[in-house]
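To start, the structure itself, in structure tokens.
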Amino acid sequence: MSDAPRYAVCESCGHRFRQRTGPGRRKDYCTVACRRRAQRRRDGQAATLPTAHQPWAQQIADDLQAQATRLATAQTTGADLHVLLAQAAQLRHEADFFTAAAVHDARHRGETWETIAAAADVSVATARARWREVTVRRMLERRARHTRPRSASGVASRLDPAIGASRAQHRRPLLPPRALAAALSYLQRESKVTIGDAARQADLSPSYVSRILSGERTPAWPVVHMLATIFNGSAAELRLLWESAQGFGHATRQSLPAAAQRLHEALRGLHLAAARPALADLCATTPLEPALVRDTLSGDHIPDWPTLACLVTRLGAQPAAVKALWEDVHYAVLASRDTFPTTGLNEPLLPQEDPPGTGSTS
């Protein structure tokens, strides 16, 4: 029984070949030609995959962390079951990529197939066949092709058909491209916090933080909140930018204080994404007055819709991006007042005052 021939699968051509017996390292290729062909393939693909100093598994682990946070956020916010299950399936799929990349990294660190098989609780033959280098490379190249052009907003559209249908009706982006990344990058520059320091504080890899700031990745909200805090900014001001990047809607029929605060935070987020231009630049060649713009951005005033639309346009976004937020304020005002003032609403956080000597009966 011990004299029975042993076979392996060539990592280059995929054909079975008779494996050598006795001492010495087991062969990965059936012929010298296959080994050389594999080497040429590795040399040609070196530029398309992470370099040796950046383990393949690290980048996937970063994406796994963001995906897991996204799933937790969906669960916390009461997302539909089909959304939760779709995100869970995506998480499992990404975990398979991580396993393959981790095995590849282990092999390049000198781990034997016997050690890898023991860690994975499979036979050596199964480990060799499942994670041979050519197979892992093809897997990760396929993953790179499928994920590189996509943003998190595309993921949200696929996971929630309602989001996809809504986005299909608005082909033109309502906010500037990569507005969230622009706002975070501005905060990072102003804070003087380096990408490396931010990554260490957030327990993320520097490469992942760099891709967030460049707009290549749209992280889950907890990551945005954490980075905004590290960069000494207000996370609330980035909420609209993040929701737009994810393709999410917003809660409607809020109280007047909540609706007004939400609108002001969104406007300050747009101002941030535009690198906080000076009031004089915003008002140039427009009917906008610097004092009105200052009071609007500070939260002391909500202008009428034409004025607000002009301001949003000057900030580089389409007015429709904040129309629903302004309408929420308008609805809340009409619920407590007779009309929305034609000149705008000062002190919007104060509801209609009761006559002296009376109190609220609600």
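Observations, loosely collected:
- The listed residue being among the hydroxyl-bearing types (Ser, Thr, Tyr) and in contact with a helix residue (DSSP H, G or I) (Cβ under 6 Å, 6 or more places away or on another chain), out of THR69, THR112, THR99: THR69
- A Cβ distance below 7 Å, combined with a sequence gap of six or more or placement on separate chains, defines the contacts here; from segment 117-132, residues that are outside any helix (DSSP H, G or I) reach residues that are among the small types (Gly, Ala, Ser) and open to solvent by less than 60 Å² (accessible area, probe 1.4 Å) in the pairs SER123/ALA117; TRP131/ALA100.
- Output for segment 85-104, where each listed residue is farther than 20 Å from SER207 by Cβ and open to solvent by less than 30 Å² (accessible area, probe 1.4 Å): GLN87, ALA88, VAL103
- Of the listed requirements (1) basic (Lys, Arg); (2) over 23 Å from LEU180 (Cβ atoms); (3) at pLDDT below 90, ARG294 misses just one: (3).
- Which listed residue, of ALA236, ALA260, ALA245, is in contact with a Ser or Thr (Cβ under 8 Å, 6 or more places away or on another chain), of a type outside the set (Val, Ile, Thr) and surrounded by 15 or more Cβ atoms within 10 Å (Cβ to Cβ): ALA245
- Residues of segment 188-219 satisfying the condition of being of a type in the set (A, V, I, L, M) and either in contact with a Lys or Arg (Cβ under 7 Å, 6 or more places away or on another chain) or open to solvent by 10 Å² or more (accessible area, probe 1.4 Å) (or both): VAL193, ILE195, LEU204, LEU213
- Lone qualifier among LEU272, LEU292, LEU288 - being aliphatic (A, V, I, L, M) and under 31 Å from the mean Cα position of the chain (by Cα): LEU272
- Per this entry, PRO173 is counted among residues that are outside any helix (DSSP H, G or I), modelled with pLDDT under 75 and under 30 Å from ARG314 (Cα atoms).
- Looking only at residues of segment 16-35 that are within 17 Å of THR135 (Cα to Cα), surrounded by 12 or more Cβ atoms within 10 Å (Cβ to Cβ) and not acidic (Asp, Glu), we find that the one that is modelled with the highest pLDDT is CYS30.
- Lone qualifier among ARG239, ARG262 - being modelled with pLDDT under 90 and either in a loop (DSSP other than H, G, I, E, B) or more than 30 Å from ASP197 (Cα to Cα) (or both): ARG262
- Only one of THR285, THR296 that is surrounded by fewer than 18 Cβ atoms within 10 Å (Cβ to Cβ) and of a type in the set (S, T, N, Q): THR285
The values are calculated or read from the model by the stated rules, or taken from the named source; none is laboratory data. Note that the structure is a prediction, hence the values are computed from the model and not measured. As a convention, Cβ positions derive from the backbone with ideal geometry for all residues, glycine included, and neighbour counts pool all protein chains shown. The protein model used for the area step is the full one, side chains on, heavy atoms only, and it has no ligands, DNA or RNA in it. Shrake-Rupley method; radii C 1.70, N 1.55, O 1.52, S 1.80 Å.
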